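Written out below as structure tokens is the structure these notes cover.
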Amino acid sequence: MQAQQMETGLDQKVEKIIAAYREKPGALIPVLHEIQNELGHLPMWVQQRVSNAMNIPLSEVNSIISFYALFSEKPKGKYVIGVCKGTACYVRGADKIVEQLQELLGIEAGDTTPDGMFTIEVVRCLGACGLGPVITVNDTVYTRMKPDKTKKVITDLIEKTGKGG
Amino acid sequence: MEFYRNHVLVCGGGGCQSSGCHIIRDRLIDSIKKRGLESEIKVVVTGCMGPCSLGPMMIVYPEGIFYCGLKPENVDIIVEKHLYEGVPVKEYFYRDPYSDEPAAAIHEIPFFTRQMKIALRNVGLIDPLSIEEYIAFDGYFAFAKALTQHKPEDIIRLVKESGLRGRGGAGFPTGLKWEFTAKVQGRPKYVVCNADEGDPGAFMDRSIIEGDPHSLIEGMALCGYAIGANQGYVYIRAEYPMAVEHLQKAIEQARKYGLLGSDIFSSGFAFDLEIRVGAGAFVCGEETALLASLEGRRGEPRPKPPYPAQEGLWNQPTVINNVETYANLPSIILKGPKWFRSIGTERSPGTKVFALAGQAVNTGLVEVPMGTPLGDIIFDIGGGIIGKKNFKAAQTGGPSGGCIPAGGLNVPVDYESLREWGTIMGSGGLIVMDENTCMVDLAKFFLDFCQDESCGKCIPCRM
């Protein structure tokens with residue numbers, strides 16, 4: 001497993017990120033951010049590497065990852081669908097959108113489809129409260145979601161990936 | 001310098017970005033070029049103008065004509081009729097939610113006229129990525145005045161006299177906090193900005209950083225001078241990538257202009273800023289948890305005292321204030337505490353920014369003098385309830401706050417009055433609910449939220 005990572009050059013990327021923060025105090029969180037941006041998640045081999053290079057116990061590195069909602073030890077789908085469940089979106093029907101997405105994709109919120117295409121996440125307030133309910137698909141924001149609109153967003157994505165529904 | 005007969009301001013706030021304002025801007029620039037008007041008309045993308053539910057929107061100056069709910073094809077017509085022929089296009093005007101009458105200019109629309117802007121003074125009015133525009137609106141004048149004409153203790157005195165209270169929620173007097181920190185002997189000292197706007201339904205801080213990042217930088221620099229700190233940190237939540245980007249660019253511009261760095265205004269005073277991005281933990285909005293997170297640890301709160309003023313970041317004396325608090329400071333130093341006290345109430349001077357959300361017609365960002373009745377915010381500025389339904393309650397203060405029912409619509413919005421109604425000011429989230437909202441369900445929503453976001457440190461949460 002580790003040899004495979006070396007081959008793809010991910011290991012060097014990780015080293016480079018750690019090196020860039022060597023002089024800065026309190027750099028663990030920014031380092032983890034950058035590595036996750038690069039790799040998509042933070043597997044155990046990365047945690048070990050960070051622990052060694054930054055001289056922080058592995059247990060502490062892992063405790064940081066499990067504490068903060070944005071860090072993930074599991075890989076995510078190609079399309080990460082975030083449903084905002086801030087109060088404003090909630091009073092405008094965000095829970096119905098979550099239910100519908102779960103039904104459409106056949107997975108629970110927090111999980112990824114077996115083909116690795118979709119992840120549903122319930123996310124913290126995105127600050128677009130004036131336009132709720134809001135969902136995001138990777139970096140694209142969709143506002144004023146309604147059941148038919150949600151269905152269209154998903155079917156469009158499925159068509160795009162060539163799975164044919 | 002070029003002169004333009006018209007400036008067309010396109011709202012590029014977070015809400016309008018999601019509504020597709022970039023398509024409107026591109027079409028506008030294109031259409032202006034096609035008509036050969038590019039030397040006469042300038043297009044500026046600004047921060048949040050306020051009424052997010054009406055986006056995409058734009059204002060044509062100098063007349064102040066307001067167009068909203070725009071579709072790309074509408075833009076061509078506006079360029080042809082208004083910018084070329086000089087006849088504003090009524091079809092795309094704002095319509096009063098009560099009378100359905102069109103209103104042409106922003107000075108005819110209650111959403112704008114009923115507000116008073118201090119923290120948001122430049123948001124929606126200038127290009128946030130241009131330090132020149134900030135300076136043209138008196139930006140960095142307060143900082144220059146402080147460094148060249150005032151001693152640090154004068155600044156603390158002015159802030160104390162202004163009566164400014166922390167806009168993050170608790171309302172602690174800002175000047176007093178600064179004075180405590182200035183008097184502690186240890187060095188170095190730090191200035192920290194809490195931009196971990198975690199309350200669901202709140203986006204005031206986001207809009208200030210995105211729409212006027214230099215006002216935050218100037219406010220923090222003023223604090224640094226007053227307390228004797230040379231380094232500041234801004235802790236922003238990761239959910240706000242555009243705020244991070246705008247602030248980063250603004251910091252670089254300020255460094256280039258010598259407004260951050262060493263020997264600022266040849267005064268010998270040095271100050272610099274660094275951004276730290278959060279990682280998704282509601283509890284990090286609490287100041288001791290935020291400081292732990294800044295140090296790279298789990299964001300768990302600790303008991304106070306010692307207060308951050310005594311032992312803050314890396315156990316050094318630290319001032320930690322909220323974004324809106326810092327954004328108020330340049331105006332206070334420039335115009336004086338007497339001016340500031342003339343706005344708002346005796347015990348809560350100044351204004352407060354609210355994120356108006358939920359079932360109101362005009363949801364968005366508003367700033368009003370403290371003491372404005374709640375009903376005025378919801379019905380005059382907010383345009384009432386969607387679908388003319390009945391108002392049930394307004395939720396303020398985020399998960400630690402409470403709800404005000406219809407009987408409280410006359411309550412003046414200030415720290416003390418809200419407390420009497422069993423809620424708190426909080427950071428400024430104001431969520432309007434209509435007759436269809438189930439209050440039991442809402443209570444469950446907040447309990448679930450608090451359970452999810454509990455860090456598990458204190459016993460009441462674990463039981």
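Considering segment B:449-463, and only residues there that are facing chain A (nearest Cβ under 9 Å) and within 29 Å of B:ASP414 (Cα to Cα), the residue that is surrounded by the fewest Cβ atoms within 10 Å (Cβ to Cβ) turns out to be B:GLU453. Cβ separations smaller than 7 Å between residues 6+ apart or across chains give the following pairs from segment B:355-383 residues that are closer than 25 Å to A:ALA94 by Cα and touching a residue at least 60 places away in the same chain (Cβ under 8 Å) to residues that are of a type in the set (Asp, Glu) and not in a helix (DSSP H, G or I): B:GLN359/B:ASP434.
When A:LYS74, A:LYS85 are checked against the criterion of being in the same structural domain as A:VAL134 (by TED's automatic domain parsing) and at pLDDT below 95, A:LYS85 stands alone in meeting it. For segment A:31-47, filtering for residues that are open to solvent by 20 Å² or more (accessible area, probe 1.4 Å) and out of contact with any Leu (no Cβ under 6 Å at 6 or more places or on another chain) leaves 10.
Restricted to strands (runs of 3 or more DSSP E) entirely inside segment B:281-379, those with at least 1 residues that are within 18 Å of B:THR181 (Cβ to Cβ) are B:318-322.
With respect to B:ILE320, is the statement that it is farther than 22 Å from B:GLY429 by Cβ and either assigned by TED's automatic domain parsing to the domain that holds B:GLU453 or under 20 Å from the mean Cα position of the chain (by Cα) (or both) true? It is false that B:ILE320 is farther than 22 Å from B:GLY429 by Cβ and either assigned by TED's automatic domain parsing to the domain that holds B:GLU453 or under 20 Å from the mean Cα position of the chain (by Cα) (or both).
Look at A:ALA53 and say whether it is at pLDDT below 95 and open to solvent by 30 Å² or more (accessible area, probe 1.4 Å).
Yes: the conditions hold for A:ALA53.
The sole residue among B:TYR240, B:TYR233, B:TYR190 that is among the hydroxyl-bearing types (Ser, Thr, Tyr), at the interface with chain A (Cβ under 10 Å from one of its Cβ atoms) and open to solvent by 10 Å² or more (accessible area, probe 1.4 Å) is B:TYR233.
Across segment B:104-117, the qualifying residues are those that are part of a loop (DSSP other than H, G, I, E, B) and either touching a Phe, Trp or Tyr at 6+ places or on another chain (Cβ under 8 Å) or without any contact (Cβ under 8 Å) to a residue 40 or more places away in the chain (or both), and the one among them that is least open to solvent (accessible area, probe 1.4 Å) is B:ILE109. Name the one entry in B:LEU176, B:LEU120, B:LEU125 that is in a helix (DSSP H, G or I) and either open to solvent by 20 Å² or more (accessible area, probe 1.4 Å) or touching a residue at least 24 places away in the same chain (Cβ under 8 Å) (or both). When all the criteria are applied, what remains is B:LEU176. Does segment B:388-401 contain at least one residue that is open to solvent by 10 Å² or more (accessible area, probe 1.4 Å) and closer than 20 Å to B:ILE109 by Cα? Yes, segment B:388-401 contains at least one residue that is open to solvent by 10 Å² or more (accessible area, probe 1.4 Å) and closer than 20 Å to B:ILE109 by Cα. The set of residues in segment B:81-103 being among the aliphatic types (A, V, I, L, M) and either over 24 Å from B:GLY382 (Cβ atoms) or surrounded by fewer than 17 Cβ atoms within 10 Å (Cβ to Cβ) (or both) consists of B:LEU83, B:VAL87, B:VAL89.
Scanning segment B:392-408 for residues that are away from chain A (no Cβ under 13 Å) and either in a strand (DSSP E or B) or out of contact with any Phe, Trp or Tyr (no Cβ under 7 Å at 6 or more places or on another chain) (or both) yields a total of 3.
The values are calculated or read from the model by the stated rules, or taken from the named source; none is laboratory data. Please read these numbers as outputs of a predicted model, since none were measured by experiment. So basically every Cβ, Gly included, is an ideal-geometry build from the backbone, and we count neighbours across all protein chains shown. Just the protein is used for accessible areas: all its heavy atoms, side chains included, with ligands, DNA and RNA removed. Shrake-Rupley method; radii C 1.70, N 1.55, O 1.52, S 1.80 Å.
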